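Below you'll find the structure, written out as structure tokens, and then a few comments.
The values are calculated or read from the model by the stated rules, or taken from the named source; none is laboratory data. Everything quoted here is computed from the prediction, not taken from an experiment. Cβ atoms come from the backbone with ideal geometry, glycine included; neighbour counts cover every protein chain shown. Just the protein is used for accessible areas: all its heavy atoms, side chains included, with ligands, DNA and RNA removed. Shrake-Rupley method; radii C 1.70, N 1.55, O 1.52, S 1.80 Å.
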Amino acid sequence: MLKLAQDSACCSTETVSPAVLEARGLSVSIAGRPILKDVNLTIQPRQVFGIIGPSGAGKSTLIKCFNRLIELTPRAVVSGDITFNQGSILSGALHPDDLRVRIGMLFQQPVVFPKSIYQNVIFGVRRLRMVSRRALPDVAEAALREAALWEEVKDRLTDSALKLSVGQQQRLCLARTLAMQPEVILMDEPTSALDPRSTEAIEQLMLRLKERHTIVLVTHNIGQARRVCDWLACVCVNNGVGEVAETACCDQMLDNPCCQAVVDYLKRN
Amino acid sequence: MRTWMTFGAILAIAAPVLADILKINGSTTVNLPTAEAAEILRAEKAMTIQIDTQGGSAGGISALGDGQVQIGMSSKHITEQDKLKYPSVDFVETHIGEDAVAMIVSKDVWEAGVRSLTREQLADIYEGKITNWKDVGGADRRIAFFNKEPGRGTWEVFAHFVYGNARKAPPVSFPEVGGNEEARNKVAGTRGALSQLSSNWADGKQVFALSIKNDAGEEVAPLAANIANRKYPMSRPLFLLTNGAPSGDAKVFIDFVLSPRGQELVRKHGYLSLDQMVVDGK
Amino acid sequence: MNSPAVPITDTYSVVAPDRRRWSYTLVFSVIGTAVTAGFVVGMVALFAWQTLPVLSHSGLGYVTSNNWHYRQQMFGALSMIVGTLLVSAVALCVAAPVGIGAAIITSEFLPGRARLMVKIVIELLAGIPSVVYGLVGILYLRTFVYDTFESFDLHSGDTILTAGLLLAVMILPTVMTLSDDALRAVPALQRQAARGLGLSRLSAVMHVALPQARIGVIAAVLLALGRALGEAIAVFLVVGRQDNNLPTQPFTLRPLLESGQTLASKLGGAEINIAYGDPLHWAAVVGLGLMLLVMVGTVTLLAAALTSPKSAASPPQPVENAPKHARPTKTHSTKGTSDALLTARLAQEPAVTRLPKRRKWLERFSIGSFAACTLLATGVMLAMILAIFYRGSSALSLRFFTEQIKLVGADGGIFFNIIGTLLLITTALCVCTPIAVAVALMQSVYLRERAARGLGMVLYLLNGTPSILFGLFGLVVFVKFLGWGKSWLAGGILLGLMMIPIVTVALVERMKALPKKYIEAARGLGLSKSQTVWSVIIPQSRAGLVTGSLLGLARAAGETAPIMFTATIFAGAMFPRGIVESPVLSLPYHIFILAQDSFDPRVGEKLWGTAAALLMIVMLLSLIALPVRLRIHEEAVSA
């Protein structure tokens, strides 16, 4: 069996505030096939929490559990519990759609709607009537600034979002999520489709955003993990099922992993 | 188009060698005994007979005029107009029986006590001056008149009776019915319905045949006796039409229809056979 | 095990490949395309030419006046134009919301398997022949309308509304399947992104999937409209066929509750037979066909233009409420100051309220009504099929299939009707297949984008052409001009021409889906274009040929209008012995005639039995095509 590493001393100073997200005994199976087993994670506010691990270990599945997007996958069954600000998200007290307002998400591929840049940014707030109509332009500007896209697009807000470069599209998606003012932003390998420059821009953003938001980042790029993450969890495959092999603060995990599976994984990368 | 024409022309030359088919088209009324006669002849004399009922009597006349068929079925006389339209065709009418056109009504009209109409009343209904049954002795209900399709023998008989000449009938706008079953079906399923229909289709259960009240105030029902002695005014001859005197297969066929067995078929379908006309008519 | 190295020697010799100067394949393709395009152009030209006399006789009054009295030589078609529009409007008002609602459920809410089931049912129903719809209309819908609107004092149950409702059921499968396809074509990622923003399932559909699918949905509705405008047989049986009945009270229900006449129903009636031989009357009748062709052509071409790749790729229009943010930013600040500004702004103006307002009841109500649409659509259709088999079951016996008609349909069976229908569709297949292959090759191999799109338009137009117009064309060309009289070959050719677009489109779809690497591999071996066509492209797309042909045959088997003037008669035809004057019997025409004319109660049973038999043939053809179609569907989804 894997020996689960607990928080090590070097990181302990940061674990004072209560957790934003916490998974307890989380297991997921899809179409009867177990994907994740007994995952326990604690995510502290205002930090970048990285999830690393080999391909196919269930990282994306895990991150989709936090905003219950996993439920859109046909025949997915989730057991165990996840708490968000100490309240269970699976208990039904908070509607999944409302949960997703507070826990935003960024996908591997930027998914912009075939509308104008402006319409893309305000898409969520407008459809959900979260702000008055008059405030929409201000919300759009604030969100675009926050996503460091404002200067590039301020003169062509009515252009189609499809005309933007892929890197810009991903930042647009980020702006769209930021407009909803989520507490947590889930990012599922957000830079895997991007060129190095855009990747750098997104990484810079993450470092800034964590002042106001909690970020959960799935990445297969160890360098990226080292650059932006505060904490890391490594998901490894054990007997065909994904498990969290180790959680630790970033440097601890990357420089001095305790668990053999993590060691193997890091060695291969 | 040229390829097709050449192709068609070759086929047109090749085909007549094979063709000894007797083709018949026309009135659905005449069709009933004719079709059964054809079945018998097919079985007994191995004749190939094709029958269709497109366009009613007018369809039969024009199909014969176009040379598409050897026998046209018609429940009306050939008119001068027809002869003008097909100047090269020598239309010959062979009388095979007689049929009456009845004004049929739905059950509610019959039960409300309407039993007959006069010619003037029919004209007023046709011209839209009378639109309610209460004006002709029935209940307070709109008259739902179904006009027989133009070109149908039934309509010609009606128009001839009401206006003296089918061409004098004024243009009107009513829902139209085609085949006999369609007319019966619609009259049966509609309250206050009235239509022209071959009298033997009036079953007395769902649809009912009205009498015609003549100038003497006498109500004449479309019964065999009244038809035979021409007292009932809306009767019509049933014809098999040929181009020139019947010959070949057409003659065999027409002879069969005129034979006692053929005339039995005419009676079987509710029409008057020729001998009934002669005997009762005297 | 290892054999010793084989010395490389010339064990056989090769000759230089045979290279022809010009390709028979190209010639074949050109001829097929020319026949197809020639037919479309020829039909329009023929109708236009034959219409001329009435235009010089009545002038503009032909379309603007409301008096059609052929005995008086008055030809004003206004009431028929209005009737056509009214009937189609009713059909569309019912079928569009129900069909789109149902498509939303099938594409967005049903799990894969259930969706497939619903789709199968709907696609089967799409093949129900119009004469069978007409039959059901006569027996059930007329009475239903008559009783429901009793308080309006209807003349009868034959109304514009009845015809419209019947058409609505007929076009529902078109609206539904095409809308479903359009919705499915919106990438799943788009919905996921919307859900990730916290939109509910329904909002994601309504605000992301549906807007993106709107062009496809509009095209679906337009294609359905085209079918509604041109339907002759079913409308003929329930519309009442009242000439010159122009609505007098617009903006009320009244015009819908009157009997009327449509362009197509007029063409399905007895006047065709009367009119021929009188140039003026004939011109007036053909002119109705021309008008119909123009109306349907406009609608179908509009749909084609909408869905053509060019317009689909066009950028979205400028947004409606653009931000009032034209003002330049106050300072061209560095990153740091901009951030400070941002933080300050956010601190001052908490513009975003914390949780969105949701209207759960509205959402439940919407989903509920969409589900009701799905149930309604599938329910009505299944009920129809069951009713036909239930009423027809007593007639279905071995005798019924092996004997010929006796007693004018009251006795005997439908052996020669089945033979006739099979002969017609076999001929149609033989006519259609080579032409369809030729056109498909032309479109996907030889033509470049713009020309291919043009050819696509021709196919669209052919597909939308009302079947009654094929009948009219056949009557003029085969029956009269070529002097064939009624001939099975004419019917087969017409049905074959009708099938061309269905088969071609199925083929082209497969050809387009063919991976480029196969073609490159073949060309890399030095095969010429035409050799590649016969060795790679056609073998690899035969699934399209098979499914397209089966679906086309299913449609051809049920058609009445193209063959009623040209190929079939009611009784007496057996195996044809030539071409000229060699009609056959057929199932749909048998139903059409018996539905209007049956003298004996026993006919009723035979009538439903015939309908059941026809339905069996049609559904069998669709069912054979089904596995291949489903596989193609799945491939499309996984790709």
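Scanning region B:135-183 for residues that are polar (S, T, N, Q) and closer than 28 Å to residue B:72 by Cα yields B:147, B:154, B:165, B:180. For region C:577-590, the criterion of a residue being open to solvent by less than 10 Å² (accessible area, probe 1.4 Å), under 30 Å from residue B:206 (Cα atoms) and of a type in the set (Phe, Trp, Tyr) is satisfied by at least one position. For region B:78-93, the criterion of a residue being over 29 Å from residue B:223 (Cα atoms), facing chain C (nearest Cβ under 10 Å) and open to solvent by 40 Å² or more (accessible area, probe 1.4 Å) is satisfied by at least one position. None of C:103, C:114 is crowded, with 20+ Cβ neighbours inside 10 Å and in a helix (DSSP H, G or I) except C:103. When residues of region C:267-294 are filtered for being more than 23 Å from residue B:65 (Cα to Cα) and buried (at least 21 other Cβ atoms within 10 Å of the Cβ), how many remain? Counting residues in region C:267-294 that are more than 23 Å from residue B:65 (Cα to Cα) and buried (at least 21 other Cβ atoms within 10 Å of the Cβ) gives 6. Residue B:254 meets all of the listed conditions (1) among the β-branched types (Val, Ile, Thr); (2) assigned by TED's automatic domain parsing to the domain that holds residue B:137; (3) open to solvent by less than 30 Å² (accessible area, probe 1.4 Å) but one, namely (2).
Of the residues making up region C:149-199, those that are open to solvent by 10 Å² or more (accessible area, probe 1.4 Å), touching a strand residue (DSSP E or B) at 6+ places or on another chain (Cβ under 7 Å) and either within 14 Å of chain A (Cβ to nearest Cβ) or assigned to a helix (DSSP H, G or I) (or both) number 0. For region C:538-568, taking the residues that are β-branched (Val, Ile, Thr) and buried (at least 24 other Cβ atoms within 10 Å of the Cβ), the one that is modelled with the lowest pLDDT is identified as C:547. Within region A:6-24, is even one residue at pLDDT below 90, assigned to a strand (DSSP E or B) and more than 18 Å from the chain's Cα centre (by Cα)? For region A:6-24, residues at pLDDT below 90, assigned to a strand (DSSP E or B) and more than 18 Å from the chain's Cα centre (by Cα): absent.
Scanning region C:575-592 for residues that are of a type in the set (A, V, I, L, M) and under 12 Å from residue C:419 (Cβ atoms) yields C:584, C:585, C:587.
Kindly indicate whether any position in region B:52-75 is part of a strand (DSSP E or B) and open to solvent by 10 Å² or more (accessible area, probe 1.4 Å). For region B:52-75, residues part of a strand (DSSP E or B) and open to solvent by 10 Å² or more (accessible area, probe 1.4 Å): absent. Just one residue in the set A:28, A:48 is touching a residue at least 40 places away in the same chain (Cβ under 8 Å), among the hydrophobic types (A, V, I, L, M, F, W, C) and either within 28 Å of residue A:202 (Cα to Cα) or open to solvent by 40 Å² or more (accessible area, probe 1.4 Å) (or both); that residue is A:48. Within region C:570-610, the residues that satisfy the criterion of being within 7 Å of chain B (Cβ to nearest Cβ), small (Gly, Ala, Ser), touching a strand residue (DSSP E or B) at 6+ places or on another chain (Cβ under 9 Å) and assigned to a loop (DSSP other than H, G, I, E, B) are C:572, C:573, C:578.
Scanning region A:229-269 for residues that are of a type in the set (A, V, I, L, M) and either surrounded by 22 or more Cβ atoms within 10 Å (Cβ to Cβ) or part of a loop (DSSP other than H, G, I, E, B) (or both) yields A:232, A:233, A:235, A:244, A:245, A:248, A:253, A:262.
Just checking, does region C:534-546 include any residue being among the β-branched types (Val, Ile, Thr) and in contact with a strand residue (DSSP E or B) (Cβ under 7 Å, 6 or more places away or on another chain)? There is no residue in region C:534-546 that is among the β-branched types (Val, Ile, Thr) and in contact with a strand residue (DSSP E or B) (Cβ under 7 Å, 6 or more places away or on another chain).
Looking only at residues in region C:360-411 that are in contact with a strand residue (DSSP E or B) (Cβ under 7 Å, 6 or more places away or on another chain) and without any contact (Cβ under 8 Å) to a residue 60 or more places away in the chain, which one is most open to solvent (accessible area, probe 1.4 Å)? Among them, the one singled out is C:406. Filtered by the rule that a residue be hydroxyl-bearing (Ser, Thr, Tyr) and open to solvent by 50 Å² or more (accessible area, probe 1.4 Å), region C:38-80 gives C:56, C:64.
Candidates are the residues of region A:120-169 that are part of a loop (DSSP other than H, G, I, E, B) and of a type in the set (Asp, Glu); the one that is least open to solvent (accessible area, probe 1.4 Å) is A:159. Residues in region C:384-435 that are within 14 Å of chain B (Cβ to nearest Cβ) and among the aliphatic types (A, V, I, L, M): C:405, C:407, C:408, C:410, C:431, C:435. Residues that are within 14 Å of chain C (Cβ to nearest Cβ), touching a residue at least 12 places away in the same chain (Cβ under 8 Å), in a helix (DSSP H, G or I) and farther than 16 Å from residue B:193 by Cα within region B:119-159 comprise B:153, B:154, B:155, B:156, listed in sequence order. Scanning region C:211-234 for residues that are within 12 Å of another protein chain (Cβ to nearest Cβ) and surrounded by fewer than 24 Cβ atoms within 10 Å (Cβ to Cβ) yields C:211, C:212, C:214, C:215.
Yes or no, residue by residue, for (1) open to solvent by less than 30 Å² (accessible area, probe 1.4 Å); (2) assigned to a loop (DSSP other than H, G, I, E, B); (3) in contact with a His (Cβ under 6 Å, 6 or more places away or on another chain); (4) closer than 25 Å to residue C:190 by Cα:
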{"residue": "A:70", "(1), (2), (3), (4)": "yes, no, no, yes"}
{"residue": "A:82", "(1), (2), (3), (4)": "yes, no, no, no"}
{"residue": "A:93", "(1), (2), (3), (4)": "no, yes, no, no"}
{"residue": "A:109", "(1), (2), (3), (4)": "no, yes, no, yes"}
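Just one of (1) charged (D, E, K, R); (2) buried (at least 17 other Cβ atoms within 10 Å of the Cβ); (3) in contact with a Gly (Cβ under 8 Å, 6 or more places away or on another chain) fails for residue A:195. It is (2). Candidates B:102, B:38: the one that is open to solvent by less than 10 Å² (accessible area, probe 1.4 Å), at the interface with chain C (Cβ under 9 Å from one of its Cβ atoms) and out of contact with any Phe, Trp or Tyr (no Cβ under 7 Å at 6 or more places or on another chain) is B:38.
Pairs are defined by a Cβ separation below 6 Å, a sequence spacing of at least 6 or placement on different chains, a first member in region C:162-183 that is over 20 Å from residue C:370 (Cβ atoms), and a second member that is open to solvent by 10 Å² or more (accessible area, probe 1.4 Å) and modelled with pLDDT of 95 or more; the pairs so defined are C:164/C:90. For region C:235-257, taking the residues that are under 22 Å from residue C:135 (Cα atoms) and surrounded by fewer than 24 Cβ atoms within 10 Å (Cβ to Cβ), the one that is farthest from the other protein chains (Cβ to nearest Cβ) is identified as C:256.
Scanning region C:522-535 for residues that are more than 19 Å from residue C:448 (Cβ to Cβ), free of Cβ contacts under 8 Å to residues at least 12 places away in the same chain and surrounded by 12 or more Cβ atoms within 10 Å (Cβ to Cβ) yields C:527, C:531.
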